[in-house]
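Q: I'd like to ask you about the structure that follows.
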Amino acid sequence: MSGNIVSLASRHQGSPSKSAIAEGIRARIRSGELPLGARISDKVIASELGISRTPVREALVQLQTEGLVVIRPQSGTFVTDLTPTDVHQICATRCVLEVGALRLGGEGIPRDRLARLGLLVGQASIALIDVDLARCDELDCDFHEALSWTAQQQNSGPTSATSNEC
């Protein structure tokens, strides 16, 4: 359980903030270190950080509002688990958004941009096959940033606005 959580303690003077603790747990969920359905122990995390359980619990409540964890009274806290129906709905929604973004660009999207998008999808597929979830997540973010940039360029010309959110 010590991965990114322990590094939080060394990056902060004193006790890490609720937000920093939440970010550490979020990173471990995104990387697959904490897989879907995994139990998260506030006691273990607090012990690793050498802090009380209160800020860890607050961080877990924050993650629950984001839909990343489920807190079950008398049972514990767990990484949200997705059903096959959930995965299907997420993929269908992303497909609509991604195709829509490409359509916004029209048929004038340069071939090199389309090739870049295809390359990112291919690399992410390989990372997924290799169960390198951290790399897959990174490539997925790169794909969406490139897709967003491509759609913006086609609709409004060059812009300096970029987003670091995936």
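Q: Sequence-distant or interchain residues sharing an amide H contact under 5 Å with Val69, placed H: which?
A: So Val69 has HN proximity to Gln64, Thr80.
Q: Pop the C-beta distance of Arg94 and Ser47 into the FRET formula with R0 = 35 Å and round what comes out to the nearest 0.05.
A: Working: r = 38 Å, r/R0 = 1.09.
Efficiency, from the Cβ-Cβ distance: 0.40.
Q: Just to confirm a number: summing +1 for Lys and Arg and -1 for Asp and Glu over residues other than Leu139 whose beta-carbon lies under 15 angstrom from that of Leu139, what do you get?
A: Its environment carries a net charge of -4.
Q: Between beta-carbons, use under 15 Å as the cut-off and find the net charge around Ser41, counting Lys and Arg +1, Asp and Glu -1.
A: Net charge around Ser41: +3.
Q: If you put +1 on each Lys and Arg Cβ and -1 on each Asp and Glu Cβ, how big is the dipole of region 3-79 around its Cα centre, in Debye rounded to 20?
A: Its charge dipole is roughly 80 debye.
Q: Please turn the phi angles of region 140-149 into ³J(HN,Hα) values with the Karplus equation 6.51 cos²θ - 1.76 cosθ + 1.60 (θ = phi - 60°), one per residue in order, whole Hz, x for glycine and proline.
A: 5, 4, 4, 4, 5, 5, 5, 5, 4, 4
Q: Around Gln154, what is the net charge, scoring Lys/Arg as +1 and Asp/Glu as -1 over all other residues with Cβ under 11 Å from its Cβ?
A: Around Gln154, the surrounding residues sum to +1.
Q: From the phi of every residue in region 60-67, what ³J(HN,Hα) in whole Hz does the Karplus formula 6.51 cos²θ - 1.76 cosθ + 1.60 yield, where θ is phi - 60° and glycine or proline is x?
A: 5, 5, 4, 5, 5, 5, 7, x
Q: So for the pair Leu119, Asp132, with labels modelled 7 Å out along Cα→Cβ, what separation do we get in nm?
A: If labels sit at Leu119 and Asp132, their model points lie 1.6 nm apart.
Q: How do Leu63, Leu114 line up, fewest other C-beta atoms within 10 Å first?
A: Starting with the residue having the fewest Cβ neighbours, the order is Leu114, Leu63.
Q: Moving to a separate point now. Which Cα, out of Leu102, Ala146, Leu82, lies furthest along the positive dipole direction of region 16-166 (beta carbon charges, K/R +1, D/E -1)?
A: Farthest along the dipole direction, towards plus: Leu82.
Q: Hey, what did region 25-112 get for relative contact order, percent, Cα under 8 Å, at least 6 apart?
A: Working: 58 pairs, mean separation 23.3, N = 88.
RCO, region 25-112: 27 percent.
Where a number appears in this text, it was derived from the coordinates with a stated rule and is not lab data. Fair warning: this is a prediction, and the values are worked out from it, not measured in the lab. Please note: Cβ atoms are built from the backbone with ideal geometry, for glycine as well, and neighbour counts cover all protein chains shown.
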